[in-house]
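The values are calculated or read from the model by the stated rules, or taken from the named source; none is laboratory data. No experiment lies behind these values; they were computed from the predicted model shown. Quick reminder, even Gly has a Cβ in these numbers, built from the backbone with ideal geometry, and neighbours come from all protein chains shown.
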Amino acid sequence: MRPDTADSATARALRCTLVAPGSHQLAITFWDRPLTGLTAGAAGAPAAFIIPVAGLAPLRELGTVFVDRGRKHAAKSLSEVLLGHERVPIVDGRFAVAGQLERSVRTLLENARRESDRNAYVIGVADRLFTDIARKARSDSPRSASGGLIEPDEVPPSLCEKLIGDSPEMDLLRQMIVLASRHEEPVLILGDTGTGKEVAARQIHELDPARKPWTFMAINCSAISPELFESELFGYEPGAFTGARPKGKPGLWSVAGHGTLFLDELGDLSRPHQAKILRALETNKIRAVGGIKEIDVHCRVIAATNRDLYAMVQSGEFREDLYYRLRPCLIRTPRLRDHLQDIAALAEFFWESVAVKRPPLPVAVLTALQGYRWPGNARELRAVLVGLATMFPKGTPRVEQVRAVFQLQSATPLSDDRLGAADDARMHRGECLRHLRRADEVIRACKVLLRPFASHKTTDECFRQLRSTLAHRVAELRMLLLQPMLFHTIPTLDVVTRLSGGLATIQSLVDHDPAEAQRYWKKNLSVEVTSAQTTIMNEVERLLKKIG
């Protein structure tokens, strides 16, 4: 929707773009003048207009054009309040932080497209929040494209069926899985519980034609007692210990053959076991418990954990050398609340499997599902739907039934009246701090990767490793840049954006002109890396003072 010609001559619009499923562009427009010329029902995509809350007053007087929806209740989503009106709906949004507003508007526009509601929606926000989000919108920050690491037709349909979602986060995750399947280096998958780490690992195995015919061996490192871990992983010789089998037992590492060894919950391993895994990775040899001879192993290792390995390295709980040995290809599986627009597709997929022959989930239920925090991510979403199908086994599911399931499970809405503005802002600062520490970790990994460039004795092996891993460093930064609000300030966002571009440049130079790549690192990119680290460190210190 657009204002009429007279209004657009005086109004100033600040535009940021969000990606909708199927790469359709949806615009959020921020207006700092009262809107007087909007008419609903025009062709085109739906649009949300964010204005200072004081600007709603003159709109309320134009009842033939606007319908006043009052103040949005914290328990209701924007979709419930704004969809389904012939006139242009206006609402006092009562949002506390920019990230919450952005997620809510994104979900609103997704639902509007799903229901073919091509209206305009006007949302009033506090002056402070309007100033903050408008300032961020002025920056040229990347908010949409996942980076184009590979061509779209290189992502096989089977991968889209296993990892469901059309958000930029899921698109980039699929691209990184395809990249990981093309080389032999270890893979480290980090992500919260229920975000699909094992699904991602299995897809890397399935997409590697050399590994697929062999075994995918999954080992839960926290489920095996420390006393038995070494014998399970490396095997043991006859009579190696009391109770050992007379003929001994091969280890799971060698049983995997030329396939994939998936070490889940890696962060729970003791340091002695970490040392043994490191040696096996470096030599491609293992020694059975009680044995003398070393056994060659050929499988590809993928490790995963929901713990913060980088923090564990800094505290001494996890070996730094093992961390960087596993890290050439790092993949982060996104939390469900970071890509809420995928909840509808995921819920429909799960519902078909848990409620066979039941009516599909209505839009109102899908909208309700998008309004919760989902600490258990996709696994929790499936559990809720199982509960819904069990508690209410007949008929079309209703929103009241979903809320009853949530109440039994003590789930917390994204917008909760129990959380005041101060609490919401504190949570946002905590999210920013977590995001910045991730960015710092990626930048340090870049320094480790590019450290040989400081020497004139750069070897062919160094360039080979750079070619196979630089794409993943670029992808990691692009994943972080998909959430620009979590960099807290525009200067911090800008410096990470520049570094991402610099890494892409050196990636292309390594492929075509290694000597120029080395000069570019010394003259340009090393300075960008130092600048980014300093800026992030200063931002973290400011956030810690606010949180403290």
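In table form, for the structure just shown:
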| item | result |
| --- | --- |
| Residue in region 485-504 that is over 30 Å from V97 (Cα atoms), touching a Lys or Arg at 6+ places or on another chain (Cβ under 6 Å) and in a helix (DSSP H, G or I) present | yes |
| Test result for G243, in contact with a Pro (Cβ under 9 Å, 6 or more places away or on another chain) and more than 20 Å from L188 (Cα to Cα) | no |
| Matching residues in region 216-232 - criterion: being in a helix (DSSP H, G or I) and without any contact (Cβ under 8 Å) to a residue 24 or more places away in the chain | E227, L228, E232 |
| Pick from region 352-382, criterion in a helix (DSSP H, G or I) and β-branched (V, I, T), ranking: farthest from S104 (Cα to Cα) | V354 |
| Residue in region 110-117 that is in contact with a helix residue (DSSP H, G or I) (Cβ under 6 Å, 6 or more places away or on another chain) and of a type in the set (S, T, N, Q) present | yes |
| Qualifying positions in region 106-123 - surrounded by fewer than 24 Cβ atoms within 10 Å (Cβ to Cβ) and under 30 Å from T489 (Cβ atoms) | R106, T107 |
| Pair list, Cβ < 9 Å and 6+ apart or interchain, from region 389-410 residues that are under 15 Å from V365 (Cα atoms) to residues that are of a type in the set (S, T, Y) | V399/T367; F406/Y372; F406/T412 |
| Residue among A74, A96 that is in contact with a Pro (Cβ under 8 Å, 6 or more places away or on another chain), closer than 30 Å to T489 by Cα, modelled with pLDDT under 85 and in a loop (DSSP other than H, G, I, E, B) | A74 |
| Neighbours by Cβ (under 6 Å, 6+ apart or cross-chain): first from region 369-383, at positive phi and buried (at least 19 other Cβ atoms within 10 Å of the Cβ); second at pLDDT below 90 and of a type in the set (D, E, K, R) | W374/R337 |
| Test: residue in region 206-221 that is under 25 Å from the mean Cα position of the chain (by Cα) and under 19 Å from M170 (Cβ atoms) | yes |
| Checking E541 against (1) farther than 24 Å from A471 by Cβ; (2) charged (D, E, K, R); (3) without any contact (Cβ under 8 Å) to a residue 40 or more places away in the chain; (4) touching a helix residue (DSSP H, G or I) at 6+ places or on another chain (Cβ under 7 Å), the condition it does not meet | (4) |
